[in-house]
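Contents: one structure, followed by commentary.
The values are calculated or read from the model by the stated rules, or taken from the named source; none is laboratory data. Keep in mind that what you see is a predicted model, and the values were worked out from it rather than measured. Here the Cβ positions follow ideal geometry from the backbone for every residue, glycine too, while neighbour counts run over all protein chains shown.
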Amino acid sequence: MNAAVPPGTDLTARLLVTGAGGQLGRELLRLVPEARAYTRSGLDITDAAAVESAVRPGDVVLNCAAYTAVDRAESEPEAAFAVNATGPAVLARACARAGARLVHVSTDYVFPGTGAVPYETTDPTGPATVYGRSKLAGERAVREHCPNSQIVRTAWVYSGDDGDFVATMRRLERERDTVNVVTDQIGTPTYAADLAAGLLELAAGPGAPAVLHATNSGRASWFDLARAVFAGIGADPGRVRPCTSAEFPRPAPRPAYSVLSAAAWRDAGLTPLRPWESALTEALARVAH
């Protein structure tokens with residue numbers, strides 16, 4: 001998926017990206033290098049004065065800043081809520097005062113993860129982790145303080161070269177004879193480049209609903225994804241061995257099922273993200289060079 005900013009728009013002059021040092025922020029800047037971009041060190045989104053000075057009238061703010069250390073959040077709830085809840089609230093107020101638009105990236109972790117069919121945007125939330133609760137608090141703050149906003153939930157985001165799951169599997173393929181990966185967590189791997197393109201398409205057009213889901217299409221377990229990575233780099237996928245989540249206890253429980261429905265995204269006239277398998281093929285080819 002190689003969406004571009006539609007011709008005739010002035011989005012590039014108005015785009016402001018927070019969390020520009022993360023994998024999604026970097027992909028946005030690769031597609032729109034002219035955007036005003038702030039890394040964590042460049043803009044503390046919990047600092048109201050700094051945010052007020054950064055946001056201009058007519059801006060479209062893409063908030064990619066997030067505390068994403070899911071396990072560490074269990075013992076650092078204040079840090080997680082500062083970035084994931086207080087920060088979006090500060091951004092939302094600043095955008096509302098400036099007459100700017102806010103597109104806020106959220107997560108599948110706002111759902112309980114116990115379902116069996118894809119979560120719709122209207123389904124009840126019920127996060128089971130500190131991380132999920134902090135992200136849900138951020139969503140609520142955005143809706144409360146900035147009417148001109150969209151919340152985009154996504155899941156299982158990777159770029160393939162930045163310590164994410166795909167990058168980890170590439171590394172472990174070199175280091176180990178076999179790798180054990182869980183089979184009982186189901187979701188949708190989402191290529192950061194595809195998500196970035198989708199966010200830019202959303203940002204360039206008006207009239208989208210307040211809450212959307214954006215992932216590559218299809219579903220997989222982490223085991224499925226690991227095998228696909230091995231196969232994609234020419235290794236034997238049989239070296240990936242199945243295991244259960246119970247064999248790898250973590251401080252924060254992982255959702256057993258976190259597939260997100262793309263119905264609202266499609267109904268808004270936005271381009272559906274391609275199947276995760278073809279996105280992974282492109283990602284692996286890109287990081288191989």
Problem set entry | Extreme residue, surrounded by the most Cβ atoms within 10 Å (Cβ to Cβ), among residues of the stretch 244-255 that are more than 18 Å from SER106 (Cα to Cα) and touching an Asp or Glu at 6+ places or on another chain (Cβ under 9 Å) | SER245
Seminar exercise, completed: Note: among GLY163, GLY198, just one is modelled with pLDDT under 95 and either part of a helix (DSSP H, G or I) or out of contact with any Cys (no Cβ under 6 Å at 6 or more places or on another chain) (or both), namely GLY163
Exercise. Can you name the condition, by its number, that SER53 falls short on among (1) in contact (Cβ under 8 Å) with a residue 12 or more places away in the chain; (2) over 18 Å from the mean Cα position of the chain (by Cα)?
Worked result: (1)
For this session: Please work out which residue is surrounded by the fewest Cβ atoms within 10 Å (Cβ to Cβ), limiting yourself to the stretch 116-132 and to residues that are out of contact with any strand residue (DSSP E or B) (no Cβ under 9 Å at 6 or more places or on another chain) and in contact (Cβ under 8 Å) with a residue 40 or more places away in the chain.
Result: THR129
Exercise. Among ARG56, ARG40, which is among the basic types (Lys, Arg) and either at pLDDT 95 or above or part of a helix (DSSP H, G or I) (or both)?
Worked result: ARG56
Exercise. Which one is surrounded by the fewest Cβ atoms within 10 Å (Cβ to Cβ) among residues in the stretch 265-286 that are outside any loop (DSSP other than H, G, I, E, B) and within 17 Å of the chain's Cα centre (by Cα)?
Worked result: PRO275
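Of the residues that sit in the stretch 82-115 and are assigned to a loop (DSSP other than H, G, I, E, B) and at pLDDT 95 or above, which one is surrounded by the most Cβ atoms within 10 Å (Cβ to Cβ)? I'd like the intermediate steps shown before the answer.
Our first condition is that a residue be assigned to a loop (DSSP other than H, G, I, E, B); within the stretch 82-115, this holds for 99-100, 111-113, 115.
Within this subset, residues satisfying the condition of being at pLDDT 95 or above are 99-100, 111-113.
Values: GLY99: 12, ALA100: 22, PHE111: 24, PRO112: 19, GLY113: 22.
Among them, the one singled out is PHE111.
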